[in-house]
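Inspection log for the structure reproduced underneath, given as structure tokens.
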Amino acid sequence: AACGAGDEVIVPAPYWPSYPEMALLVGAEPVILDTAVEDGYLINPAKLEECLSDHPKAKVLMLCNPSNPTGGVHSAELLEEIAAVLRKFPNVVVLADEIYERLVYTEGGTCTAFASLPGMFHRTITINGFSKSHAMTGFRLGYLAAPARFAKAASVLQGQITSCASSVSQAAGVAALGEVPESWLEDNASVMKEKRDYVLSELATMDGVSVAVPPDGAFYVLPDVSSYYGGGDAALCL
């Protein structure tokens, strides 16, 4: 419903490896939008506009916020700048993966929903779930919030693949929403922040290892270990 054969999907890098494969699955072509360390591995609005202008077949922008694998968090201000660019390209749908929204370590600990920005509600497909926020990874319970035409298409596809979430997982989700207090979610984020701080402190003691952009969310750290293999990815793999 959002894209198909001959279309293009913008995938900011670094990215979760499944994103380009999702585009290929429907016959679309993934277009990698590189981000830079000086931008905190976040989307640069000017670079996004350039990319969209160069790729008129683009129909979808993948937006993972907080980011897997960098842990970067796009601020409300930056998201609005991105939305301002997208208003110039009305045919582009945003697939907003916000599964880590409750794991934010900046002051205030909030993550702005992209669909809440002016003019973005009817062109945003929001992906979320219980795996990260409620530590329910094994239940494989997620959800999609989108305009009816996208939700219906996703439902038709899911009906031929997994049918639905298991009854046990659905019951667990109801319990999570109704019985888990807000204070538990906040405490969980605090625990994850402590773990992040520990990992960063340990990495800081290692020779030849640096973290240019400490993560503000999710549970990932992207250390630079290039000093051990001369900066070549192939050398690292070998």
field: About the Cα centre, charge dipole magnitude for the chain (Lys/Arg +1, Asp/Glu -1 at Cβ), debye
entry: 1020 debye
- prompt: How large is the helix-only mean residue ellipticity at 222 nm for the chain, computed as the sum of -39500 (n - 2.57) over DSSP H runs with n ≥ 4, divided by its residue count, in deg cm²/dmol to the nearest 500?
  reply: -10500 deg cm²/dmol
- request: Determine the share of region 130-238's accessible area contributed by carbon and sulfur atoms, expressed in whole percent, with a 1.4 angstrom probe.
  value: 59 percent
message: Straight-line reach from K59: which aspartates and glutamates fall under 17 Å, measuring Cα to Cα and dropping same-chain residues less than 8 apart?
response: D7, E8, E21, E29, E49, E50, D97
message: Applying a 10 Å radius around every beta-carbon, put 142-153, 122-133 in order of their mean neighbour count, most first.
response: 122-133, 142-153
task: Compute the Cα gyration tensor for region 117-238, then decide on rounded, prolate or oblate, letting a ≥ b ≥ c be the square roots of its eigenvalues: rounded whenever a/c is under 1.5, prolate when a/b is larger than b/c in the other cases, and oblate in all that remain.
output: prolate
query: Over region 1-118, what percent of the accessible surface lies on carbon and sulfur atoms, probe 1.4 Å?
result: 53 percent
query: What is the chain's relative contact order, in percent, from Cα pairs under 8 angstrom and six or more apart in sequence?
result: 18 percent
- request: Measure out, as a whole number of angstrom, how far apart the alpha-carbon centroids of region 1-51 and region 196-228 sit.
  value: 25 Å
- prompt: Quick one: accessible area per residue over region 1-111, 1.4 Å probe, rounded to a whole number of Å²?
  reply: 44 Å²
- prompt: Cα convex hull of region 39-109: how many Å³ per residue?
  reply: 91 Å³
query: Among the listed pairs K88/K193; K57/K152; K132/K195, which are separated by more than 26 Å between their Cα atoms?
result: K88/K193
- line: Here the convex hull volume per residue of the chain, taken over Cα atoms and given in Å³, is 153 Å³
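The values are calculated or read from the model by the stated rules, or taken from the named source; none is laboratory data. Note that the structure is predicted; figures quoted are calculated from it, not measured. Neighbour counts are summed over all protein chains in view; Cβ atoms, including those assigned to glycine, are modelled from backbone coordinates with ideal geometry. The accessibility values were calculated without ligands, DNA or RNA, using every heavy atom of the protein model including side chains. Shrake-Rupley method; radii C 1.70, N 1.55, O 1.52, S 1.80 Å.
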